[in-house]
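Undergrad: Sending over a structure as structure tokens; questions will come in a sec.
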Amino acid sequence: METLSIPTQVILAIVTPALLVVLFTRITFNRYVALLLTVALFAASVYAGYTHRWWIYILDAASLTVGFWYASHMKARDKKSAS
């Protein structure tokens with residue numbers, strides 16, 4: 001039985017992966033490690049059976065891409081302001 005409504009799942013699928021990539025980038029100082037950690041976290045949740053809809057996977061992947069792009073942009077901006 002699912003406890004979250006579909007609109008809530010969609011909002012979380014759009015926002016959460018991108019925020020996790022950015023957060024892990026700030027913690028590890030490496031956007032590739034951050035992406036790997038986020039993908040591993042979501043793969044574990046899928047394996048545990050928390051997600052059942054394929055279009056949620058697509059939203060997660062799109063959000064991961066946006067988060068990775070923003071983390072790359074953020075790192076470039078930080079390097080530019082440091083010099």
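Readers should treat all values here as calculations from the given coordinates under stated rules, not as data from a laboratory. Here the structure is a predicted model, which is why all the values come from computation and not from measurement. When we count neighbours, we look across all protein chains shown, and the Cβ atoms used for this are built from the backbone with ideal geometry, even at glycine.
Undergrad: Going by the conditions given, is Leu64 surrounded by fewer than 16 Cβ atoms within 10 Å (Cβ to Cβ), touching a residue at least 40 places away in the same chain (Cβ under 8 Å) and within 9 Å of the chain's Cα centre (by Cα)?
TA: No: the conditions fail for Leu64.
Undergrad: For the range 43-59, which positions are more than 16 Å from Pro7 (Cβ to Cβ) and not in a loop (DSSP other than H, G, I, E, B)?
TA: Ala43, Ala44, Ser45, Val46, Tyr47, Ala48, Trp54, Tyr57, Ile58
Undergrad: How many residues does the range 28-60 hold that are under 13 Å from the mean Cα position of the chain (by Cα) and in contact (Cβ under 8 Å) with a residue 40 or more places away in the chain?
TA: 4
Undergrad: Examine the range 5-15 for a residue that is under 25 Å from His73 (Cβ atoms), among the aliphatic types (A, V, I, L, M) and touching a helix residue (DSSP H, G or I) at 6+ places or on another chain (Cβ under 6 Å), and state whether such a residue exists.
TA: yes
Undergrad: Quick one: is Ala71 small (Gly, Ala, Ser), in contact with a Lys or Arg (Cβ under 6 Å, 6 or more places away or on another chain) and in a helix (DSSP H, G or I)?
TA: yes
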